[in-house]
């Protein structure tokens, strides 16, 4: 038992009550978003505001999902996020493996560089990337945007994968090599299956980084490759503050990733805390 | 011929290194060097080397000074509140033990929501007239009318209001990190302190927080960097207004680049910002974290 855990009934009750209050405040914004998405468009902006819909309707969902550009944007978001996740894993796995297994000076420089990348304001990379993508013929394409998103998720993926490789005992590969496996063979056949949970966590974080990203999408796409966050943001200007439809699209966009989190929460907590707690 | 381990390691790191060099380092070099040029906003337009002119102009501009101050205030507000709430909730979770598991999951959900969505959602909650927050405060008898507080329209408080969704979105990160750190605090140290008659505040400030210091350092540095870079969450709520009161550096740089069409000046501002971030983060790492020291 942990020393911080308390057993006194009175203090436990007080803690549960405090926790309940915090969770209600914390949960309210999203629940209100869901409730609003089922209101009629006029009810959504009625004065005085009410928590519950006066009349439940799917009108906002129909409006939001049949708007021009919404369906392609949802597809673009999926395509971009999947591409970016694949790029991140393909690049990060060998790099992180080399960093943890062969402690060379170049590996240390690499980890430091990955940390510094996190401090760079997105605009400082995004603005010059506009030109780079034009030169490469990747302006306004999901591939170009996925490459840009990978600049965010790759350092994070290297960091996460390094922590996961760190936890695999060296003896595993040594045994495989004694059995005649090459270094790549040992990684592919022996180590990767052991860290499959870590691969899943890294994939989820890379996916989320791309799924929720805004500024690169704003700078690098205009029509064809536009992702959903841009379309959600445009609801306010283009359609004259259609709050009802905005909440509906926001719900459609957020619920899959929230459900994913609930399903995989144990792994995700491990991923979030691993690097930090190891220090 | 057998490849040495060193070569093999380089070969494995090369693709990621090449990617980061091409799509992070090279753009960044171009960005920094743009700071030394006067650049026409039209693509392929003329560039003229002007030395440090843009940097001088940045330091002298009231907009840059104001935005720097607002970035500092915003970052401090976000980090202090997130840390206070995050530590409080982490301690509650730890005190309740295993039975809090379900609630830990519930608490985590905002982390998955896009900052754009969070910003718009909070703008909707806080809006003057039909916003639910003011309406609930009115029903509770705290406000006289639902438009009494202009969360996002009053320049005196807008900078604090735009921080709310950021705090809502990522306090869970601090909680999760600190909670994990608390799991590693040895129970017997706490028991010993209790036996010595230490009361809770003493226990917290003299025993628990010092033991958690490396974890706290990582959480604060990560969140500090991200809060200082906050962009979409502010843009979507106020677009920098009212009266520039929420224009932080990242918004100012973006606007100088795109709307005012002065990429040279924007690059100089961005370079100053990046250098300051690097210095502050390095100082923070050594001051709070003190890697290598035992206590």
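Bear in mind these aren't lab numbers, they're just calculated from the coordinates by the rules spelled out. All values derive from a computational prediction rather than experimental measurement. Methodologically, a virtual Cβ is constructed for each residue, glycine included, from the backbone with ideal geometry; neighbour enumeration extends over all protein chains shown.
The table that follows gives values for the structure above.
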item: Burial ranking of peptide ranges B:192-199, A:252-259 (average Cβ count within 10 Å, highest at the top); result: A:252-259, B:192-199
item: On Cα atoms only, tilt of A:243-263 relative to the major axis of chain A in degrees; result: 30 degrees
item: Rg(Cα) / (2.2 N^0.38 Å) computed for region B:121-202, rounded to two decimals; result: 1.75
item: Angle in degrees between helix A:228-238 and the longest Cα principal axis of chain A, rounded to the nearest 10; result: 30 degrees
item: Extension gain from residue A:131 to residue A:46, taking 0.36 nm per residue of separation minus the Cα-Cα distance; result: 26.0 nm
item: Efficiency of FRET between residue A:62 and residue A:222 - r from beta-carbon atoms, R0 30 angstrom, step 0.05; result: 0.65
item: Inter-label distance for residue A:103 and residue B:38, nm, one decimal - labels placed 7 Å from Cα along Cα-to-Cβ; result: 5.4 nm
item: Separation between Cα centres of region A:58-124 and region B:115-158, rounded to whole Å; result: 34 Å
item: Neighbouring partner chain Cβ atoms per residue of A:126-133, average, 10 Å criterion; result: 6
item: Pairs of alpha carbons in chain B whose separation is greater than 25 Å (percent); result: 63 percent
item: Ranked list, fewest to most other Cβ atoms within 10 Å of each Cβ, for A:108, B:70; result: A:108, B:70
item: Calculated on alpha-carbon atoms, Rg and Dmax of region A:63-177 in Å; result: 18.1, 60
item: CD proxy at 222 nm, helix term only [per DSSP H run n ≥ 4: -39500 (n - 2.57); per residue of chain A; nearest 500]; result: -24000 deg cm²/dmol
item: FRET efficiency, residue B:129 to residue A:16 (Cβ-Cβ, R0 35 Å, nearest 0.05); result: 0.45
item: Inter-label distance for residue A:181 and residue A:8, nm, one decimal - labels placed 7 Å from Cα along Cα-to-Cβ; result: 5.5 nm
item: Length added when fully stretched, residue B:98-residue B:206, from 0.36 nm per residue minus Cα-Cα; result: 36.4 nm
item: C-alpha center-to-center spacing [region A:135-193, region A:1-34] in angstrom; result: 39 Å
item: Computed E for residue B:7/residue B:29 - FRET, C-beta separation, R0 35 angstrom, nearest 0.05; result: 0.80
item: Space enclosed by the convex hull of the alpha-carbon atoms of chain A, per residue, Å³; result: 190 Å³
item: Ranked by how many other beta carbons lie within 10 Å on average, peptides A:57-69, A:216-228, A:90-102, B:176-188 from highest; result: A:90-102, A:216-228, B:176-188, A:57-69
item: Average partner coverage of B:198-205, which counts Cβ from other chains inside 10 Å; result: 1
item: Per-q log10 I(q)/I(0), the protein assembly as shown, q = 0.08, 0.09, 0.12 Å⁻¹ (Debye; single scatterer per alpha-carbon; no solvent); result: -0.59, -0.75, -1.33
item: Rounded tilt (10° steps) of A:265-278 against the dominant C-alpha axis of chain A; result: 60 degrees
item: Pairs of Cα atoms farther than 14 Å apart, region A:9-62, %; result: 61 percent
item: Per-residue mean of C-beta atoms belonging to partner chains within 10 Å, peptide B:101-112; result: 6
item: Inter-label distance for residue B:21 and residue B:62, nm, one decimal - labels placed 7 Å from Cα along Cα-to-Cβ; result: 4.7 nm
item: For peptides A:133-141, B:88-96, sequence by mean Cβ density within 10 Å, most packed first; result: B:88-96, A:133-141
item: Stokes-Einstein D in µm²/s, Kirkwood radius over Cα pairs - region A:1-100 at 37 °C with 0.692 mPa s viscosity; result: 173 µm²/s
item: Theoretical ellipticity at 222 nm over chain B - DSSP helices of four or more residues, -39500 (n - 2.57) apiece, nearest 500; result: -20000 deg cm²/dmol
item: Sorted by Cβ neighbour density within 10 Å, fewest at the top, the residues A:24, B:73; result: A:24, B:73
